[in-house]
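Peer 1: Okay, here's the structure, questions in a sec.
The values are calculated or read from the model by the stated rules, or taken from the named source; none is laboratory data. Keep in mind that what you see is a predicted model, and the values were worked out from it rather than measured. Reconstructed Cβ throughout: ideal geometry from the backbone, glycine too, with neighbour counts over all protein chains shown. Only protein heavy atoms, including side chains, enter the accessible area calculation; ligands, DNA and RNA are left aside. Shrake-Rupley method; radii C 1.70, N 1.55, O 1.52, S 1.80 Å.
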Amino acid sequence: MNRIPISMPIFNGNEKKYLNECIDTGWVSANGHFITDFESKFAEFCGSKYAVACSNGTTALHLAIECLDIGPGDEVIMPTFTYIATANAVAYSGAKPVFVDVEPHTWNIDPDKIEDAITPRTKAILPVHIYGLPANMDNIIDIAKKYNLYVIEDAAEAHGAKWGDKSVGAIGNIGSFSFFGNKIITCGEGGMLVTNNELFSNKMKFLRSQGVDPNRKYWHLSLAYNYRMTNMQAAIGLGQLEQVSWHMNERQRVASLYKNNLSDYGDLFSMQAIPEKASPSYWMFTIKLSDKVKCERDVVMDRMEKNNIEMRPAFYPMHVMPPYYDASLSFPIAEEISKRSINLPSHANLTEEHINYIVKSLIDSCSY
Ligand SMILES: *Cc1c(COP(=O)(O)O)cnc(C)c1O
């Protein structure tokens, strides 16, 4: 068996045609119709009124934070179990990321622990739909309303996932997406913000492009950024978005194959439990080793690597890593998930044969 990568981008639509158009016409930089086309199609895809494209998922989150005037002295509540970008985007603005533990069954922010973390300085709640599984948006929105807080959704891993009949990203005040090469759809590097608030949409566009006065060329009104997306990125992104149902269905197929194959091994592995209202996007299919597996997680991963399968450890919690280390914090659920979980190869080119091979290798690797 050739090496099975954990993830791979797949371009089977108009990506190349659109990209060639950028080169043929010279529209390669941050102007061009692919940017506005990608934005309007993405807004429609999420069921939100506005979308703002930018350079990556981290700058998207930073724009959302700055748009809401969150800065020094402010606090933003987020799960400790996430990718570092969620915390960094808040720290860039001078505000403080405040971490809370996750639910043992979904691995998403535990709404029951949010209220304890709220202080007079709290400005926003920033749930992350981890590995594509929607966080409990009903409870999060209720808490935000009660305390008058903003909700920014980090939907970087969850394009097309739904909570009830709503697409994630379009439920809070602002939703943020990433199009990095390993995400559900990609444009190399890229990000997108969605909102129903016209003022937020305009302000995020203003902030992504050096704070220039919309009515006076080269007159800059405030400190801002160059976080623009290029027409080339948007060309690829639009080609991908046209195929998004295919990408989503394939990930669903891969997840079902894993679940069927693993169903007899419930004593060895657990997975994220899917709440009734959640329709996940299955970005990364992830298993957690139970106590019955006697070896270390990293030993299991090394054995699988020897079988030519690329694996990835689950994210480290924010509060244990140098930028956010705090000895006074302990979040046992996130720590346990992080220590014992593995991302399995998750992409649309995986066949049933691949999945059978991966699961067999996993079971063998856990058995001694
Ligand atoms: C990928 C990711 C981001 C950031 O995206 P980039 O495009 O890599 O900057 C943010 N949050 C989460 C949870 C992610 O997985």
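Peer 1: Can you pull the accessible area of Met321 for me, 1.4 Å probe, Å² to the nearest 10?
Peer 2: 40 Å²
Peer 1: Under a 1.4 angstrom probe, counting protein chains only, how are Glu157, Glu336 ranked by accessible area, largest first?
Peer 2: If we order Glu157, Glu336 from most to least accessible, we get Glu336, Glu157.
Peer 1: While we're here: Treat every Asp and Glu Cβ in the chain as -1 and every Lys and Arg Cβ as +1, leave all other atoms uncharged, and give the resulting dipole magnitude about the Cα centre to the nearest 20 debye.
Peer 2: Once rounded to the nearest 20, the dipole reads 540 debye.
Peer 1: Give the span of region 255-368's Cα atoms along each principal axis, as three whole-Å numbers ordered largest to smallest.
Peer 2: Extents along the principal axes, in whole Å: 46, 38, 26.
Peer 1: Mind giving me the FRET efficiency for Asn202 and Glu44? R0 is 25 Å, r the Cβ-Cβ distance, nearest 0.05 is fine.
Peer 2: 0.85
Peer 1: Note down the accessible area of Cys366, probe 1.4 Å, to the nearest 10 Å².
Peer 2: In the full protein context, Cys366 sits at about 10 Å².
Peer 1: Helix 33-46 versus the longest principal axis of the chain: what angle, 0 to 90°, nearest 10, using Cα atoms?
Peer 2: The answer is roughly 60 degrees.
Peer 1: Given the -39500 (n - 2.57) contribution per DSSP H run of 4+ residues, what per-residue ellipticity at 222 nm results for the chain, rounded to the nearest 500 deg cm²/dmol?
Peer 2: Using -39500 (n - 2.57) per qualifying helix, the result is -11000 deg cm²/dmol.
Peer 1: Taking the 0 to 90 degree range and rounding to the nearest ten, how far is the long axis of helix 198-208 tilted relative to the main principal axis of the chain, both from C-alpha atoms?
Peer 2: Once rounded, one gets 90 degrees.
Peer 1: Step through the residues of region 217-233 one at a time and calculate ³J(HN,Hα) from phi using the Karplus curve (6.51 cos²θ - 1.76 cosθ + 1.60, θ = phi - 60°), rounding each to whole Hz and writing x for Gly and Pro.
Peer 2: 4, 6, 9, 9, 8, 7, 4, 8, 9, 9, 10, 6, 8, 8, 4, 5, 4
Peer 1: Per-residue HN-Hα couplings for region 54-64, Karplus 6.51 cos²θ - 1.76 cosθ + 1.60 at θ = phi - 60°, whole Hz, x for Gly and Pro?
Peer 2: Using θ = phi - 60°, the values come out as 8, 6, 6, x, 6, 5, 4, 4, 5, 4, 4 Hz.
Peer 1: Could you do me a favour and compute the accessible area per residue for the chain, 1.4 Å probe, result in Å²?
Peer 2: 44 Å²
Peer 1: Okay, moving on. Determine the relative contact order of the chain: mean sequence separation of Cα pairs under 8 Å and six or more apart, normalised by residue count, in whole percent.
Peer 2: Answer for the chain is 23 percent.
Peer 1: For Arg297, Arg121, give the ranking by accessible area with the largest first, probe 1.4 Å.
Peer 2: Result of the area sort, largest leading: Arg121, Arg297.
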